[in-house]
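Q: What follows is a single structure, and I will ask about it in a moment.
None of the figures in this text is laboratory data; all of them are computed from the coordinates on show. Predicted model only: the values in this text are computed from it and were never measured. As a convention, Cβ positions derive from the backbone with ideal geometry for all residues, glycine included, and neighbour counts pool all protein chains shown.
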Amino acid sequence: MIFGANFAAETSKSFIFTDMATNRTFTMIKPDAYLAGNSGAITKMIEEAGFRLVAVKLTKLSAERAGQFYEVHRERSFYGELCAYMSSGPVVAMILEKDNAVADFRTLIGATNPANAEPGTIRKLFAKSIEANAVHGSDSDENAAIEGSFFFSGTEQF
Ligand code: CMP
């Protein structure tokens, strides 16, 4: 009987863990938005949209660390400027949780270029340019996990 109860609890725990892991995304409030004092307003929008804060950290990337984070863009013409910009001030890194987190968060933030972002989206409200576009959002579950672990250890995730 006791074995049965423990087995059920363990099974249920691992099911919940698996379910949560696929419903997480990663974001950074970028230096332009942080320095403009918009971190609180952006975080409020994120929470009001139903995302739970799993991990939060105010930090500053070196140009080298920014380059590692954006490694996938290394061959792009804007890579050097992007690394310089992303290391120009603090960022607020966060792991977020919600059903359909990656897609729903990308809807909440809007298009990469704020000129093309829908009204009411975070980038439409707070971004200054395609580079200084207020927030980053992961583009897949796989990258969300990679990007989250770039900033946070397991014991920093709740
Ligand atoms: P992000 O969602 O963080 O992912 C890659 C970033 O590169 C993107 O947001 C922009 O900040 C930046 N980026 C993408 N395209 C351009 C571009 N054409 N010029 C400058 N920066 C860009």
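Q: When the chain is treated as a GNM, springs tying every alpha-carbon pair under 10 Å, which of PHE69, PHE78, PHE26 comes out with the largest mean-square fluctuation?
A: In this elastic network of the chain, the residue with the biggest mean-square fluctuation among PHE69, PHE78, PHE26 is PHE78.
Q: Under 5 Å between amide H atoms, partner at least 5 residues away or on a different chain: which partners does VAL135 have, H built in plane at 1.01 Å?
A: Placed amide hydrogens put LYS30 under 5 Å from VAL135.
Q: Let me ask something else about it. Quick one: which residues, 5 or more positions from ALA117 or on another chain, have an amide H under 5 Å from its amide H? H modelled 1.01 Å from N in the peptide plane, none for Pro or chain starts.
A: ALA111
Q: If you don't mind, another one. From the C-alpha gyration tensor of the chain, pull out the three semi-axes of the equivalent ellipsoid (sqrt of 5λ each), sorted largest to smallest, in whole Å.
A: Output for the chain: semi-axes of 31, 18, 14 Å.
Q: Something else now. Which whole DSSP H helices in the chain pass both tests: a Cα extent of 27 Å or more along the axis and a mean Kyte-Doolittle value no lower than -1.0? Write down the numbers at each step before the final one.
A: Values: long enough: 2-21 (28 Å, 0.58).
Long hydrophobic helices here: 2-21.
Q: According to a simple spin-label model (label point 7 Å from Cα along Cα-to-Cβ), what is the distance in nm between ALA84 and LYS60?
A: 1.8
Q: Could you pull out the trypsin sites (Lys or Arg not before Pro) across region 102-158 that fall in loop regions by DSSP (anything but H, G, I, E, B) with no more than 16 other Cβ atoms inside 10 Å?
A: Here the trypsin sites (Lys or Arg not before Pro) that fit, given the DSSP loop and packing criteria, are LYS128.
Q: If each residue's Cβ is checked for other Cβ atoms within 10 Å, how do THR27, THR112, THR121 rank with the fewest at the top? Kindly include the intermediate steps, with their values, before the conclusion.
A: Numbers: THR27 27, THR112 16, THR121 20.
By the 10 Å Cβ count, ascending: THR112, THR121, THR27.
Q: While we're here: Determine the sum of side-chain charges near ASP139: Lys and Arg each +1, Asp and Glu each -1, restricted to other residues whose C-beta is under 10 angstrom from that of ASP139.
A: Within the 10 Å Cβ shell, the charges total -2.
Q: Filter LYS57/LYS124; LYS44/LYS98; LYS44/LYS124 down to the pairs with a C-alpha to C-alpha distance above 22 Å, please.
A: The answer is LYS57/LYS124.
Q: Normalised by the number of residues in region 24-156, what is the relative contact order in percent for Cα pairs under 8 Å and 6+ residues apart?
A: 38
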